[in-house]
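Structure first, then comments.
The values are calculated or read from the model by the stated rules, or taken from the named source; none is laboratory data. Model, not experiment: these values are computed from the prediction. Positions of Cβ are backbone-derived with ideal geometry, glycine not excepted, and every protein chain shown enters the neighbour counts.
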Amino acid sequence: MTKLPLYLVLVLLSITTTASSKAQTGDVKGTITIKAGGSAKKDRKGVVVYLENVPGTPPKAKNATIKQREKQFDPPFTIVVKGTTVDFPNEDKIFHNVFSVSRPARFDLGLYKSGTMKSVEMKRPGVVDVYCNIHPDMVAKVKVLDNAFYTITGPDGAFHIEGVPAGEYPIVAWLPSGGEATGKVTVKVGEAATLSLEVIETATKTTHTRKDGTPYGRYK
């Protein structure tokens, strides 16, 4: 009997394990409706749809980046899995500060100059509101998720999460503007569970103070 080289044996084992793992999963798909002012919006993009309590350890994600550019955070909204490090490079020719007093991640990176960067590891799930202590119009949100089973809707509101282990899970549809809808979904092996959710868009503009709780003064 011919013996296979070790590297071929490892490759075959990897393929078999992957195929076996996929055989024990199903999909979750459906549509999201966004209501604003009592009416359904035609454009339904930007809703984060995710599952909670999915077993297993989330894969190590590469760093996310939120730039400080033209006195704004870019992008203004970022979604990451817990354990991901977020980099905050300063691309303006002025000093900036990055801080948050949100419960999932409280931090203060202090003042730092153009061309430098500081980072924060997002260790707990939740919403992290990010500000600059100098410029009140600099606002960003980081949505930290428990696992990597999520997607973001396109203009038609459709979503599709693939390769979910069989089981029953809470499902959440969340808008950065504040609307949220929850439900339950049962995933069966080799099948696609379907459901529809509706979220309400809120148009309220929130204000914030500096990191010490005082109002912002004049700035340039």
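Values computed for the structure shown
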read-out: Residue match in the range 138-152 (condition: over 30 Å from Pro55 (Cβ atoms), outside the structural domain of Thr202 (by TED's automatic domain parsing), at pLDDT 95 or above and of a type outside the set (Val, Ile, Thr)); value: yes
read-out: Residue count for the range 34-67, restricted to those that are of a type outside the set (D, E, K, R) and part of a loop (DSSP other than H, G, I, E, B); value: 14
read-out: Count - residues of the range 68-85 that are assigned to a loop (DSSP other than H, G, I, E, B) and farther than 24 Å from Pro125 by Cα; value: 2
read-out: Selected residue (criterion: surrounded by the most Cβ atoms within 10 Å (Cβ to Cβ)) from residues of the range 171-189 that are modelled with pLDDT of 95 or more and assigned to a loop (DSSP other than H, G, I, E, B); value: Lys188
read-out: Yes/no for Glu52 being of a type in the set (Asp, Glu), at pLDDT 95 or above and not assigned by TED's automatic domain parsing to the domain that holds Gly163; value: no
read-out: Residue match in the range 110-117 (condition: under 25 Å from Gly213 (Cα atoms), surrounded by 18 or more Cβ atoms within 10 Å (Cβ to Cβ) and not acidic (Asp, Glu)); value: no
read-out: Boolean, Val130 is within 17 Å of the chain's Cα centre (by Cα) and surrounded by fewer than 19 Cβ atoms within 10 Å (Cβ to Cβ); value: no
read-out: Residues located in the range 97-116, provided they are closer than 18 Å to Lys71 by Cβ and of a type in the set (D, E, K, R); value: Lys113
